[in-house]
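Step one of this worksheet: look at the structure below.
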Amino acid sequence: MPDQDYSGILIYAQLTRENYIHTVFYELLDKAKMLSEKLNGVDVNAVIFTNPKKIEGLEESFKNMGVNKVYYYDDKRLKEYSTIYYSKLIVDLVGQVKPEILLIGATNQGRDLAPRVSGALHTGLTADCVDLDINENGKLAATRPTFGGELMATILCKNYPQMATVRPNVFKVGSIDDYVNTEFVPLEVNLDGVANNVEIIDFKKTIETEINNLDNAQIIVAGGMGLKNEQGFRLLKDFADSIGGEIAASRPAVEAGLASKSVQIGQTGKTVRPKLYIACGISGAIQHTVGMENSERIIAINKDPDAQIFEIADVGIVGDYFEIIPKFLQG
Amino acid sequence: MKIALCVKQVPDTTNIRWTENNTMQREGVESVINPYDIYAAELALSIAEKLKDAEITAFTMGPNQAQDMLRKLISIGVDNGVLISDRKFAGADTYATGKTIAAAIKKVLPDFDLIICGQFAVDGDTAQTGPSIAGNLGVPQVTYVKSFEKADNKSIVLKRELDDGIETVKVKYPALICVLQDTFEPRRPMINGIKLASKVDIPVLTLEDLGLSDAQVGLKGSPTYVSRAYRNQSKHNSQKYELSVGESVDLLRDKVKEYGCGECVMGASVAQEEGKDA
């Protein structure tokens with residue numbers, strides 16, 4: 001039975017270095033509103049960490065998003081993410097506002113933060129959910145793939161808040177236009193006696209050319225070990241360009257140095273859901289398919305008629321990539 | 001310097017069985033070391049090569065068969081192994097697992113400097129157990145570690161992968177780190193390594209040894225539980241075609257047109273983009 005003391009949904013809104021709200025927040029927000037409806041319209045609130053003066057620009061970002069309250073911690077010590085500081089302050093906030101559900105985006109930062117928060121609150125945390133729902137008892141039913149996507153497990157939590165993380169691009173963002181009067185609530189930063197023993201000595205931003213458009217791509221053309229070498233990937237780029245797609249790769253291809261880690265799709269890489277995903281020379285290990293099986297349509301090209309990728313493709317073409325693609329490009 | 005290396009045996013994912021409580025059936029299933037824990041072991045061993053007095057103790061929680069994995073680690077240079085094993089630990093989620101492993105480290109290696117874990121386990125893939133151990137022991141954590149730059153007896157400098165770049169951090173001991181994959185050649189057993197490993201005594205810690213209660217471990221001590229588990233079914237059509245090259249090209253062209261977004265097929269969007277610039 002739901003605990004009467006705990007009510008509402010709290011979402012951690014991660015800010016980028018440039019003071020933007022990470023897109024995963026909007027994906028969580030959309031889902032949180034659906035959950036709120038099933039919970040008789042409980043509040044959907046957000047918490048952010050900012051540093052002096054930055055809050056003003058953010059007010060605009062939360063406008064008409066349907067967030068009831070934005071709690072914010074404003075302090076110069078919070079400029080850079082710190083596991084110890086951030087987790088301590090979220091725990092403080094949960095103690096004050098007692099949300100029944102706490103959602104965190106499964107970015108690298110979120111996956112660092114969430115287990116520290118759940119541990120300190122002695123509650124459960126379900127990682128990398130692909131679906132969130134409210135069950136007949138009013139509890140959060142969090143569904144996640146396990147065993148590399150082989151099985152789906154729906155997980156319930158006995159304690160409060162019920163915590164879950166969700167990877168970017170797993171939920172779709174609906175059209176958000178929900179007028180509520182969003183209240184900004186400053187919180188007291190109490191870090192007395194909290195020692196941060198991790199000192200940041202350098203940061204190198206991933207250079208622009210390495211940042212890709214996979215998140216927004218309508219068509220993704222991905223290559224695996226079947227592409228053999230750099231020439232295979234050059235051909236992939238030509239193929240992608242010819243149909244207005246972006247290129248991506250499987251983990252073995254990235255590990256073989258054929259493509260950048262930033263375009264790796266799958267369990268330890270990105271999750272994508274384009275309109276069309278074309279898998280070339282990818283065997284279709286579960287570790288890869290968990291990152292792309294939500295694509296609307298999948299075409300697979302592979303020499304091996306028994307390749308696993310054919311099981312999840314809408315159209316499987318058994319054939320040689322090095323024969324088919326050059327001919328395709330000739331027009 | 002004392003290093004605790006946390007490793008997990010993961011089942012071969014082709015043969016999964018579940019218990020009545022919908023938790024994974026682990027006994028009798030073919031097991032391998034979690035690949036990320038091999039990276040963690042490699043990092044521990046390379047730190048030990050730099051700091052001559054370093055001693056590595058590998059901890060694992062699991063059934064008796066997990067001893068084999070500990071012995072393999074000893075054969076490549078890890079000094080000691082500790083098995084945390086009790087039927088009462090079964091069905092633990094990451095919260096209870098973190099608590100149990102933390103209690104074992106406190107018991108066997110109370111003066112540890114560094115705890116090294118793999119970033120994920122490939123079966124559960126939660127990435128939560130490392131931070132949970134750190135939280136239970138009240139030590140800082142550094143996750144998504146790619147490599148270590150330098151280490152001495154007081155602190156270590158690490159490179160870690162963030163959402164938008166690579167951060168270099170220095171952390172003072174005691175601390176816990178979680179390691180992502182890196183590129184290296186897997187180590188082979190040392191000369192006499194296998195023989196040595198077969199002779200090493202591997203202590204087994206049970207619930208009683210850890211000073212925790214029944215209610216704190218296993219399924220009972222876990223705030224989360226699996227209410228339903230089911231096979232993941234593909235929503236795609238899975239139609240397979242074995243055609244000539246020419247026919248394959250035609251099929252590909254048709255399907256790209258059909259599935260792609262109207263305006264961005266066949267080079268149209270590239271042309272548009274170029275048009276915009278002009």
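The values are calculated or read from the model by the stated rules, or taken from the named source; none is laboratory data. Keep in mind the model is a prediction, meaning the values are calculated, not measured. Using ideal geometry, Cβ is built from the backbone for each residue, glycine included, and neighbour counts are taken over all protein chains shown.
Among all residue pairs at least 6 apart or on different chains, which show Cβ distances below 6 Å where the first residue, located in segment A:254-272, is in the same structural domain as residue A:284 (by TED's automatic domain parsing) and the second is basic (Lys, Arg)?
A:254/A:261; A:264/A:251; A:266/A:251; A:271/A:167
Return yes or no: is residue A:265 more than 12 Å from chain B (Cβ to nearest Cβ) and β-branched (Val, Ile, Thr)?
Details: more than 12 Å from chain B (Cβ to nearest Cβ): yes; β-branched (Val, Ile, Thr): yes.
Yes: the conditions hold for residue A:265.
Please go through segment A:145-164 and pick out each residue that is part of a loop (DSSP other than H, G, I, E, B) and either over 23 Å from residue B:161 (Cα atoms) or more than 8 Å from chain B (Cβ to nearest Cβ) (or both).
Result: A:147, A:149, A:150, A:158, A:159, A:160, A:161.
Restricting to segment B:179-199, name every residue that is in contact with a Lys or Arg (Cβ under 9 Å, 6 or more places away or on another chain) and under 30 Å from residue A:82 (Cα atoms).
B:179, B:180, B:181, B:182
For segment A:61-70, does any single residue satisfy the condition of being over 15 Å from residue A:12 (Cα atoms), at pLDDT 95 or above and either buried (at least 24 other Cβ atoms within 10 Å of the Cβ) or among the β-branched types (Val, Ile, Thr) (or both)?
Checking segment A:61-70: not a single residue is over 15 Å from residue A:12 (Cα atoms), at pLDDT 95 or above and either buried (at least 24 other Cβ atoms within 10 Å of the Cβ) or among the β-branched types (Val, Ile, Thr) (or both).
Looking at B:146, B:172, B:150, which is the one that is at the interface with chain A (Cβ under 9 Å from one of its Cβ atoms) and of a type in the set (Lys, Arg)?
None of the other options fit; the residue is B:172.
Which condition number does residue B:184 fail, the rest of (1) part of a loop (DSSP other than H, G, I, E, B); (2) at pLDDT 95 or above; (3) within 13 Å of another protein chain (Cβ to nearest Cβ) being met?
Here residue B:184 meets the rest and fails (2).
Just the residues that are of a type outside the set (S, T, N, Q), within 21 Å of residue A:173 (Cβ to Cβ) and either within 7 Å of chain B (Cβ to nearest Cβ) or in a strand (DSSP E or B) (or both), please, taken from segment A:129-144.
Within segment A:129-144, A:131, A:132, A:133, A:134, A:140, A:142, A:144 qualify.
I'd like the full set of residues that are surrounded by 13 or more Cβ atoms within 10 Å (Cβ to Cβ) and more than 20 Å from residue A:87 (Cβ to Cβ), limited to segment A:184-201.
Selection gives A:184 alone.
Of the conditions (1) exposed (fewer than 15 other Cβ atoms within 10 Å of the Cβ); (2) modelled with pLDDT under 90; (3) among the small types (Gly, Ala, Ser), residue B:269 clears all except one; give me its number.
Result: residue B:269 fails condition (1) only.
Filter segment B:81-114 down to the residues that are away from every other protein chain (no Cβ under 12 Å), of a type outside the set (Gly, Ala, Ser) and part of a loop (DSSP other than H, G, I, E, B), then identify the one that is surrounded by the fewest Cβ atoms within 10 Å (Cβ to Cβ).
It comes out as B:111.
Which residues, taken from segment B:115-128, are at the interface with chain A (Cβ under 8 Å from one of its Cβ atoms) and within 18 Å of residue B:160 (Cα to Cα)?
The answer is B:120, B:127, B:128.
I'd like the full set of residues that are farther than 17 Å from residue A:105 by Cβ and in contact with a helix residue (DSSP H, G or I) (Cβ under 6 Å, 6 or more places away or on another chain), limited to segment A:13-51.
Matches in segment A:13-51: A:42, A:51.
Would you tally the residues in segment A:286-321 being touching a residue at least 40 places away in the same chain (Cβ under 8 Å), within 10 Å of chain B (Cβ to nearest Cβ) and surrounded by fewer than 20 Cβ atoms within 10 Å (Cβ to Cβ)?
Counting residues in segment A:286-321 that are touching a residue at least 40 places away in the same chain (Cβ under 8 Å), within 10 Å of chain B (Cβ to nearest Cβ) and surrounded by fewer than 20 Cβ atoms within 10 Å (Cβ to Cβ) gives 1.
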